[in-house]
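Accompanying notes for the structure given below.
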Amino acid sequence: KTEAYWRPNEVDQLVLTYAYQADDRQEFDIRRAGRSAIPALDLFLNTHTAELVYKHFLGRHLHGRIGVNGLWQENANIPGTGVRPLIPDHDRRTGGIFLIEHLPLTERLELEAGARLDAALLQVRTFDAQDEYITPEHRFTNHAFSLGANWTATDSLRFRAGLNSAFRPPHVSELYSQGLHHGSAAIEEGDPTLGSERMLQATLDTEWGSGNGRWSGALSLHASRTDGFIYLRPEGYRLTIRGAFPVFRYTATDVLMWGTDAQVRFRPVPAWTIELQGGLVRGRDLGQDEWLFQVPADRAGLAVGWQRTKGTTSLSLRGAVRWVRVQDRVPIGLDFTDPPAGYALLALDLLVERPLGKDRMQLGIRGDNLLNTAYRDYLDRFRYYADARGVDLTLWITWRFGHAERLP
């Protein structure tokens, strides 16, 4: 990734960003005749992205960004797997132009508006069901807008309201998947007739805090309507020479979703922090007149943290409990199994931070599911086969060269 910028004056700025990424993806399976070392899926993906943004001020108050961006991506299946590729060879090119403006009306009230126009071209090279070589092309043109208002009612109370549209063209996997996905042990089938998702969303967020800094909180409300929402819908089982596998087909429908997220933080004394958070989401499949498949279950969490600084060394400890309720708002008779039961997990974090000469180091250890609870998460596709992971320990270190000040 590289970036260059130019300042035509003291406040405006022109920024050019380019990035390149290469991904080599391989998936393996147990195969006969000593071929287990040969990948069953072997993909190589080249991605180039570029963006040119002009950050500007118009007059004393109006300011924003205008820019263009583009993406060029090439996906190639490496020969020699002996398996029909799950995702076909394809090239993807996208380009867009966008504008975002902010207008402060008073010291406490600001309005914002934005718009975006995008075009995408997907060129696919694959074989159809009759093993005929085909090279279909898909073109998508989409637009979006956003409107928002930020109001600081007091020094400790802020509101933000927004109304925006969004879009997402279908991914090549949603259009042309055909076969066993070894990463999830399921057969996935695409639909080349799928179009872009189009969403209209309204949000309302508020943040507040007490004057003494001991209490703070946040509440977020959201509701959206999405036409052409794409998801994997169960389609029964398919018997193969390797056994029976669940089948999922990419399907589009119109959905209505709404939900809320809340957080409250209390600091009884400077060294201790207590945090309570929770969230819920509801989703309706308007096309089938039923609950939407694969919507997250209600969840809540309680965390207690302690921190002490002595000299230039900081030590912090945080324990957390996460509760997840059983998801009982599901389409009747669609899934392969009943939703798993709710569960609670215990986690613990320990972090040490200190300077070393002109550098600064962070050393941390995290433990998840410390009680080794046997559970299955509703959103995890592996829940059809096995429990989720048990005790999970992670040790990590961060070293910031030439930055003796504290890390953010």
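Readers should treat all values here as calculations from the given coordinates under stated rules, not as data from a laboratory. Treat the numbers as computed from the prediction; the structure is a model and nothing was measured. Using ideal geometry, Cβ is built from the backbone for each residue, glycine included, and neighbour counts are taken over all protein chains shown.
Numerical summary
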quantity	calculated
Highest-fluctuation residue, Arg160, Arg299, Arg242 considered, GNM on the chain with Cα pairs under 10 Å	Arg242
Residues with amide H under 5 Å from that of Ala40, placed H, sequence gap 5 or more	Glu27, Phe28, Asp29
Highest-fluctuation residue, Thr251, Thr49, Thr312 considered, GNM on the chain with Cα pairs under 10 Å	Thr312
Backbone HN-Hα couplings from phi across segment 52-61 [Karplus 6.51/-1.76/1.60, Hz, Gly and Pro as x]	10, 10, 10, 8, 9, 10, 10, x, 7, 10
For the chain, built as a Gaussian network whose Cα springs stay under 10 Å, the top-fluctuating residue of Leu276, Leu348, Leu239	Leu239
Estimated 222 nm signal from helices in the chain, with DSSP H stretches of n ≥ 4 weighted -39500 (n - 2.57), rounded to 500	0 deg cm²/dmol
Scattering curve values for the chain, log₁₀ I(q)/I(0), Debye with Cα scatterers, q = 0.06, 0.14, 0.15 Å⁻¹	-0.35, -1.62, -1.56
Reachable lysines from Lys310, criterion Cα separation under 22 angstrom, eight or more residues apart if same chain	Lys358
Derived scalar couplings ³J(HN,Hα) [segment 69-85; Karplus, 6.51 cos²θ - 1.76 cosθ + 1.60; whole Hz; x for Gly, Pro]	8, x, 9, 10, 9, 10, 10, 10, 7, 7, x, x, 6, x, 10, 5, x
Table column - 3J(HN,Hα) (Hz), segment 113-119, Karplus curve with 6.51, -1.76, 1.60, x for Gly and Pro	8, x, 8, 8, 10, 10, 9
Relative contact order (percent, whole number), the chain, Cα cutoff 8 Å, 6+ residue spacing	7
Pairs of alpha carbons in segment 296-408 whose separation is greater than 25 Å (percent)	43
Loop GluC sites (Glu not before Pro), segment 57-159 (other Cβ atoms within 10 Å of the site Cβ: 12 or fewer; DSSP)	Glu107, Glu132
Relative contact order (%) - segment 162-320, alpha-carbon pairs under 8 angstrom, separation at least six	16
Segment 1-155, relative contact order in percent, only Cα pairs under 8 angstrom and at least six apart counted	16
